[in-house]
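Notes follow the structure.
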Amino acid sequence: MKSIQSRLFLMLLIFIILPYFLSVLFIYGYTKKLVEEHELEVSHNQMEEASKELEQYFNDMINLSYISYRNPDLYRIFNEGFEDSIYFNPIAVENSIETFYLMRNEIRQVRFYIDKTKESFTVYNAMVSTRKYQPDLLKQDSIKQLIHSDEKYLIEPPHPLENYNDAAIVPQSDNTMVTTIHHKIGDVLSKEFLGVITIDIDLHTFARLCSSLVQNEEEAVMLINSEDMVMYSSDADLVGEPVPSDLLNSIDPEGMETDEDIILSKTLAGPLNQWKLIKVTPEQVLFHDVRQTAYTNILVGIGVGLLGLAMIGIISYKITRPIKLLSKKVQTIEGGNMAVPFQAGIRKDEIGHLEQHMKDMMDRINLHIDREYKLEIENRKNQLRALKSQVNPHFLFNALQTIGAVALRSNSPKVYQLVASLSKMMRYSMRADQWIKVRNEVDYIKTYLSLQMERFGNKLNCSIDFNDRILDMTIPSMILQPLVENFFKHCYEEGFYDAKLSVYGEVDGTALNLFVENNGPSMTAEDLKKLKKNIYTKPYEGSYAQEHIGLKNIHDRLVLNYGQDAGLEIDTKQGEGFLVRLFIPLGSIENGPPE
């Protein structure tokens, strides 16, 4: 959003389009809230009425079993059995049983179990089956649960119609889903258990009561019992099954709204104690009209926004086009092209003046780059000359060879060994501007240490530790020896004979690190600060002390050869000595020395 054209578009967005859409969202949210509150109120009232009707319906169905207490023939059968009653009249009993069956149209099947004789018989389609001896009937889970409870009845979840006595009057093709009500019959005075009346009722009647809550096919209604089993559902596959866990967790007596649905729940009482009547209304159904209005307003807003964008695009084109062209030229400069043709003098407005100033600036930059490039090349040559001047010149190497020959003729092998070591150093120093293996640099240091041992004796405490991988890496020559030389200059020559010199290297994954450290004398924080300033000053800027020129030369050579990711760091080890770390990027080493 830094261009002028982008800023104009942003202003259109902030001051016109954004307020419009915010107002649409506000109106949509407010209307949605009103619709939701109204729907919740209406649904609560509907569920209240449906709940009362369901409670009354099941109360009537449960009370059907009490007719047996008022019918002498039926009650006598439960109390005395069929054959033992002196008043037994088969025709009257059969008429009473058929009358009981025909009292409600939704009754599909009735089973009578007489505990005295352990017999049961069923009534289906107003026909009575033969009696069947069933002593294990009381061991069924539902009957067993009823007998051992204080309740007089038990309502089972819906299930396919079952032929209890394998009676011929019940066709095998009848798989009607029914809800079963078991009613416990007992002696009123003695509380003695007499038997069970089982009534299978069709789901149609109470399903109609539940379905009255549904206004369209997208909505759903569900009736679940106290054990979270589905007694009725708009989805027939859920009837008689446990309530889905996701729906069970979202049930709230006061009603709640999820991401997609509004769920209302009503807890029933009376014969349906702790049952729940649930209504699920999809959000897209409830807020369909509200959304349609919002979509219309959004489309209008998009049209207005597009017209505004087109207008701003046309107006800003004349203004922003020359600025974009100038910006592309600047980007070309950032890509490394320093010879961009600026058309100075063509335009007489502010952009023309800006292009003229940029042309003058680029001319000065190119001149400055040429000067700095030449200075850097010359500085590199001077550094190499200064490094070579730190050791003896070429002619000294030939002179040492001659002295060594004289020592051998004079039978002085020790002198010859020392002269040979010094000659080896002279030969190596003449390669100060070349690239060598770390192994060669280490050999040079060892030769130098052998000479220092002759000077200070065998008490010299030094260690050199490099693995084979590091020894085979290529580095500029003469970057470690000056650091070793500094150890003798600032430690042994000043009387710190107990100091230890350690030279080692490691690879940390991104760079080669070469370390030269000692536990001899350190320096103050102020001296360290001055030394760092001296080392990191650019070769052609300012002036610096000559005392630590070796450290600066090493740092400048690394930067010149490998770039800013290489260099030298120093540390006083908290006053416990002195540490120098040389770091070189691994990629630079693996690609070989620069050409």
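The values are calculated or read from the model by the stated rules, or taken from the named source; none is laboratory data. Keep in mind it's a predicted model, so treat the numbers as computed, not measured. Glycine gets a Cβ as well: all are built from the backbone with ideal geometry, and neighbour counts include every protein chain shown. Heads up: the accessible areas ignore ligands, DNA and RNA and are worked out on the full protein's heavy atoms, side chains in. Shrake-Rupley method; radii C 1.70, N 1.55, O 1.52, S 1.80 Å.
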Take the Cα radius of gyration of the range 71-219 and divide it by 2.2 N^0.38 Å, with N its residue count; two decimals is plenty. 1.13
Write down the Å³ per residue value for the convex hull defined by the alpha carbon atoms of the range 57-153. 110 Å³
Of the accessible area of the range 127-181, computed with a 1.4 Å probe and all protein chains kept, carbon and sulfur make up a percent value of 48 percent
With the convex hull built on the alpha-carbon atoms of the range 454-587, volume per residue in Å³ sits at 125 Å³
Per-peptide average of other Cβ atoms within 10 Å, ordering 58-65, 120-127 highest first: 120-127, 58-65
Run the simple label-point estimate for Lys52 and Met523 please: 7 Å along Cα→C-beta, distance reported in nm. 9.9 nm
Correct semi-axes for the range 97-151, from √(5λ) of the alpha-carbon gyration tensor and rounded to whole Å with the largest first, are 22, 15, 9
Amide H to amide H under 5 Å from Gly186: which residues, 5+ apart in sequence or cross-chain, H placed 1.01 Å off N in plane? Leu194
Summed over the other residues with a beta carbon less than 14 angstrom from that of Thr176, with K and R at +1 and D and E at -1, the charge totals -4
Tell me, what ³J(HN,Hα) does each residue in the range 184-199 have, in order and in whole Hz, if you take phi through Karplus 6.51 cos²θ - 1.76 cosθ + 1.60 with θ = phi - 60° and put x for Gly and Pro? 7, 9, x, 6, 5, 8, 8, 6, 6, 6, 10, x, 9, 10, 10, 10
Charged-residue dipole, Cβ positions (Lys, Arg, Asp, Glu), the range 1-130 about Cα centre, Debye nearest 20: 1040 debye
Protection proxy (average C-beta count within 10 Å per residue), highest first, orders 267-279, 559-571, 321-333 as 267-279, 559-571, 321-333
Expressed as a whole number of Å, what is the distance separating the alpha-carbon centroids of the range 135-198 and the range 479-537? 99 Å
Using a 10 Å cut-off on Cβ atoms, rank the peptides 173-185, 233-245 from the highest mean neighbour count down. 173-185, 233-245
Taking 25 Å as the cut-off for C-alpha to C-alpha distance, list the pairs among Lys459/Lys489; Lys116/Lys152; Lys446/Lys500; Lys191/Lys276 that go past it. Lys191/Lys276
So who's got an amide H within less than 5 Å of the one on Ile107, skipping anything under 5 residues away but keeping other chains? H placed 1.01 Å off N, in plane. Asp202
Which entries of Lys329/Lys529; Lys139/Lys279; Lys437/Lys532; Lys437/Lys552 have Cα-Cα distances beyond 32 Å here? Lys329/Lys529; Lys139/Lys279
The convex hull of the Cα atoms of the range 155-217, divided by residue count, gives a volume in Å³ per residue of 125 Å³
